[in-house]
1. Please work out which one of (1) touching a residue at least 12 places away in the same chain (Cβ under 8 Å); (2) touching a helix residue (DSSP H, G or I) at 6+ places or on another chain (Cβ under 8 Å) is the condition residue 108 fails and give its number.
2. For the subset of the stretch 129-155 comprising residues that are without any contact (Cβ under 8 Å) to a residue 12 or more places away in the chain and in a loop (DSSP other than H, G, I, E, B), which member is surrounded by the most Cβ atoms within 10 Å (Cβ to Cβ)?
3. Just for the stretch 62-83: of the residues that are out of contact with any helix residue (DSSP H, G or I) (no Cβ under 6 Å at 6 or more places or on another chain) and part of a helix (DSSP H, G or I), which one is nearest to residue 147 (Cα to Cα)?
4. Being under 15 Å from the mean Cα position of the chain (by Cα) and modelled with pLDDT of 95 or more narrows it down to one residue among 25, 46; which is it?
5. Only one of these is crowded, with 16+ Cβ neighbours inside 10 Å and either out of contact with any strand residue (DSSP E or B) (no Cβ under 8 Å at 6 or more places or on another chain) or more than 29 Å from residue 152 (Cβ to Cβ) (or both): 67, 8. Name it.
6. How many residues does the stretch 43-61 contain that are within 19 Å of residue 96 (Cα to Cα) and exposed (fewer than 15 other Cβ atoms within 10 Å of the Cβ)?
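The values are calculated or read from the model by the stated rules, or taken from the named source; none is laboratory data. Being a predicted model, the structure only gives us computed values, none of them experimental. Here Cβ is always computed from backbone atoms with ideal geometry, including for glycine, and neighbour counts include all displayed protein chains.
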């Protein structure tokens, strides 16, 4: 690696809840720099969650992320002419990132509703331990378990 590593920037909390995790999630939802559109999608999804569960939507969101975030992932590594899928532990920041991206991807793959409704439904399902995002986590975890024999190649 050349040069210095870029410093980690502090992210400000979001407008409504002053929560950095929600602010990051809004940034992940955002497309083409349209932050106000992303904010309205996330906040309206949180309002739907609040109506359905009668709980704090941030609590449900954090519970969903906890159930989605992977502990292990596999990375490809070339050793002696062969490619091995080596399991690695996932750091905290990457766990949050993967959880958010899988949640958004699962919501986008649903058909027929507005994004705010799809996102709210997917967050509620994830908080219950169901849904496409949880399935994605389980497949990644299973893949890491299957390739446990190659863990000694990790450094």
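1. For residue 108, the exception is condition (1).
2. 130
3. Among them, the one singled out is 66.
4. Among 25, 46, only 25 is under 15 Å from the mean Cα position of the chain (by Cα) and modelled with pLDDT of 95 or more.
5. 67
6. Counting residues in the stretch 43-61 that are within 19 Å of residue 96 (Cα to Cα) and exposed (fewer than 15 other Cβ atoms within 10 Å of the Cβ) gives 1.
One line per residue, one yes/no per condition, for (1) over 23 Å from residue 155 (Cα atoms); (2) in contact with a strand residue (DSSP E or B) (Cβ under 7 Å, 6 or more places away or on another chain):
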{"residue": "76", "(1), (2)": "no, yes"}
{"residue": "85", "(1), (2)": "no, yes"}
{"residue": "95", "(1), (2)": "no, no"}
{"residue": "100", "(1), (2)": "yes, no"}
{"residue": "105", "(1), (2)": "yes, no"}
{"residue": "111", "(1), (2)": "yes, no"}
{"residue": "121", "(1), (2)": "yes, no"}
{"residue": "124", "(1), (2)": "yes, no"}
{"residue": "134", "(1), (2)": "yes, no"}
